[in-house]
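The values are calculated or read from the model by the stated rules, or taken from the named source; none is laboratory data. Just so you know, these numbers come straight off a predicted model, no measurement behind them. When we count neighbours, we look across all protein chains shown, and the Cβ atoms used for this are built from the backbone with ideal geometry, even at glycine. Just the protein is used for accessible areas: all its heavy atoms, side chains included, with ligands, DNA and RNA removed. Shrake-Rupley method; radii C 1.70, N 1.55, O 1.52, S 1.80 Å.
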Amino acid sequence: MNRIQKTVQKGFTLIELMIVVAIIGILAAVALPAYQDYTIRAKISEVMLAADGCKTAVAEFLQTNNAFPADADQAGCSTTATKYATGLTVSNTTGRITVTVQGTGSAADALTLMLQPTSDTARTTALATAGTAVAGWSCGTSGTGATLKYFPASCRQAILGGL
């Protein structure tokens, strides 16, 4: 008797392996830029936290003293530079908080994030006098165009732009 033996293929062919490698390459090419943008936005969230901490201090100073603070120190804000935030200032005429971005390794470095106290809940009118209650805060940035994607969605506008 003559037996015909069947050979069973084991493993993957070279073509199948090349297809898998190509798919992984395409996925990596799409995911890597999105991940880099995500990490930069996470770094800028620290800048937003620095400004948010000062927001309460400025509002409390306005309510207590019925005047704008002379500077960030008088308002009670921390002006200590962090890894991603530096140059926190408070305007003595408008109460605007400005923080400069640093160390993100992106085009957002040296741009500023600004918080402006407003007298309306639509956040479109700056607080004109210190005796007026703070109804909201408008967030803006000095960034334009492609750099806006790094900032929080509520700040991707001109200051006093509302939402």
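Key figures for this structure:
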{"item": "Local electrostatic count, ALA146, Cβ distance below 12 Å [Lys/Arg +1, Asp/Glu -1]", "result": "+1"}
{"item": "Selected from SER142, ALA28, PHE61, residue furthest toward positive end of dipole (the chain; charges at beta carbon)", "result": "ALA28"}
{"item": "Label point distance in nm, VAL20-ALA158, each placed 7 Å from Cα along Cα→Cβ", "result": "5.6"}
{"item": "With Cα atoms, 0 to 90° folded angle of helix 14-65 axis to the chain main axis", "result": "10"}
{"item": "Summed side-chain charge close to GLU46 - residues other than GLU46 whose Cβ falls under 14 Å, Lys, Arg +1, Asp, Glu -1", "result": "+1"}
{"item": "Cα pair count fraction exceeding 21 Å, expressed as % - segment 5-163", "result": "54"}
{"item": "Percent carbon-and-sulfur accessible area, the chain, ignoring ligands, DNA and RNA, probe 1.4 Å", "result": "60"}
{"item": "Separation of alpha-carbon centers, segment 87-142 and segment 19-73, rounded to whole Å", "result": "14"}
{"item": "Most fluctuating residue given options VAL134, VAL47, VAL21, as computed from a GNM of the chain linking Cα atoms under 10 Å", "result": "VAL21"}
{"item": "5 angstrom amide H check on GLY136, placed H, neighbours 5+ away", "result": "THR118, ASP120"}
{"item": "Nonlocal Lys pairs with alpha-carbon distance under 30 Å, segment 1-157 (8 or more apart, or different chains)", "result": "6"}
{"item": "Principal axes of segment 97-158: Cα extent on each, largest first, Å", "result": "41, 17, 13"}
{"item": "Of ALA31, ALA22, ALA59, the one that fluctuates the most in a GNM where the chain has Cα springs shorter than 10 Å", "result": "ALA22"}
{"item": "Student exercise, the chain dipole from Lys, Arg, Asp, Glu Cβ charges, in Debye to nearest 20", "result": "940"}
{"item": "Dipole magnitude (debye, nearest 20) for segment 49-111, charges at Cβ of Lys, Arg, Asp, Glu", "result": "80"}
{"item": "Selected from GLU16, GLU46, GLU60 as most flexible by GNM, with the chain as the system and alpha-carbon contacts under 10 Å", "result": "GLU16"}
